[in-house]
1. What's the angle, to the nearest 10 degrees (0 to 90), between helix 272-287's Cα axis and the longest principal axis of the chain?
2. When the Cα centres of segment 156-229 and segment 21-84 are compared, how far apart do they sit, in Å?
3. Between (1) 44; (2) 31; (3) 28, which matches percent of Cα pairs over 34 Å apart calculated for the structure shown?
4. For segment 24-78, take N as its residue count and report Rg(C-alpha) divided by 2.2 N^0.38 Å.
5. Apply the a/c threshold of 1.5 to the C-alpha gyration tensor of segment 270-385 and tell me whether it is rounded, prolate or oblate.
6. Give the value in nm², to one decimal: projected area of the alpha carbon convex hull of segment 92-251, averaged over all directions.
7. Sorted by average packing, counted as other Cβ atoms within 10 angstrom per residue and highest first, what order do 25-33, 335-343 take?
8. Which order do 161, 197, 186, 213 take by accessible area at a 1.4 Å probe, largest first?
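The values are calculated or read from the model by the stated rules, or taken from the named source; none is laboratory data. The structure displayed is predicted, hence computed values, not measured ones. Here Cβ is always computed from backbone atoms with ideal geometry, including for glycine, and neighbour counts include all displayed protein chains. Just the protein is used for accessible areas: all its heavy atoms, side chains included, with ligands, DNA and RNA removed. Shrake-Rupley method; radii C 1.70, N 1.55, O 1.52, S 1.80 Å.
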Amino acid sequence: MTTPHTTAVLGLGRMGSAIATRLAAQGWDVVGWTRSGRASGTVKMTGDPNEAVAQADLVLLALFDGPACQKVLDDVRDSLRTDTIVLNTSTIAPAEATRLARQLGPSYVHAPLLGSVPAAAAGALQIIAAADQEALDRVRPVLETLGTVRHVDDASTAAALKLIANNSLAGAVLALRDSLRQADALGLPRTQTLDVLELGQLGGLVARKRPFLLGEPTSATAEFTIGALAKDMALLATASDTPLRSAAGLADTPTALEADIAVAATVPAVEDAVLEPLRAYIRGHATGDPSHFRDAFLPTGHIEGIRDGAFVSWRLDEYCTLFQGQPAPDEPTRTRRIDAIDVHATVATATMTLSHGADTFTDIFLLVLADGSWRIANKAYHRHD
């Protein structure tokens, strides 16, 4: 099979530039185009994507998302030669990959990449490729210049596997965030904490991202941004129709979306103001003093769950009558912990576990920021016998 001689790389962001540079350095004839107009000093450039496509045997897409891929392909469709292969390395939704494969037929290769800029520069990417065998044979020399190829059945599968791979990365970033928050709460020095974390399962991530994690000035640019990873997690949550904590955890990171993913791990813990109504609620149980519940809840708050086999929905006043101002006799053996809290601007959700004698309760809270302070709007609970 003939192999491509001229490759048009459409999209010269971080990965697109690294890909184009790698191919050019290995002797491929490369012409580049980018929507931003940003030039790359290492490859030939054109300001017109149709000009790049018209002279190319292979059109390589390295774009941000599915809509960008569709828009660029629509713009250059009339310039594509009948024998041109479209190689899409972009991270997009499975349904978007399927749609592009149907539009372009056997000339489409969907090949998302595992690895970031250093791996692209070194030709060490892991590539998940879906294509007809003839098309794959034609582009294999280009793909093997970039890394190792793993063939899968169809474009949807390739796109889905890429999202699953990125989910593991998002999980690692959020696990690192949790570890750093707990270490901060315990007063542990950040450097010492990173030294120990580097010895464990997060060691590779910690070692690569240490300057970002320490907040040190660095000339290093982001290899993979918070915004890009948050986009991928949102795609995965939509495609799977399954709750995905990392989608919200990354999207709500209060920092620049163009920052490196490691910066998402350094976000401080939830502010005390958000935790205070939950702590007041704990004090109410610990002391039996209902005034703490009035501090914790909005006056309109409700407490709901199953009690003695029947659904109950108490107004706050009714709930407070259950407490007589004295701790429970077995209070010294009781425990309560805040398991999780997610804050979204003016609303938050929280989960708490209460071990009260023979019973364990899971409490789910909805909190709101009202009149400048956080209060519990409603609570639902489950009692484990």
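1. In the chain, helix 272-287 runs at an angle near 30 degrees to the longest axis.
2. 32 Å
3. Here the calculated entry is (1).
4. Numbers: Rg = 11.3 Å, N = 55, 2.2 N^0.38 = 10.1 Å.
Against the empirical 2.2 N^0.38 Å value, I get 1.12 for segment 24-78.
5. Values: a/c = 1.45, a/b = 1.42, b/c = 1.02.
In terms of gyration-tensor shape, rounded.
6. Values: hull surface 43.2 nm².
The orientation-averaged projected area of the Cα hull of segment 92-251 comes to 10.8 nm².
7. On the way: 25-33: 19.2, 335-343: 13.7.
Order by mean packing, descending: 25-33, 335-343.
8. Working: 161 75, 197 35, 186 135, 213 5 Å².
Result of the area sort, largest leading: 186, 161, 197, 213.
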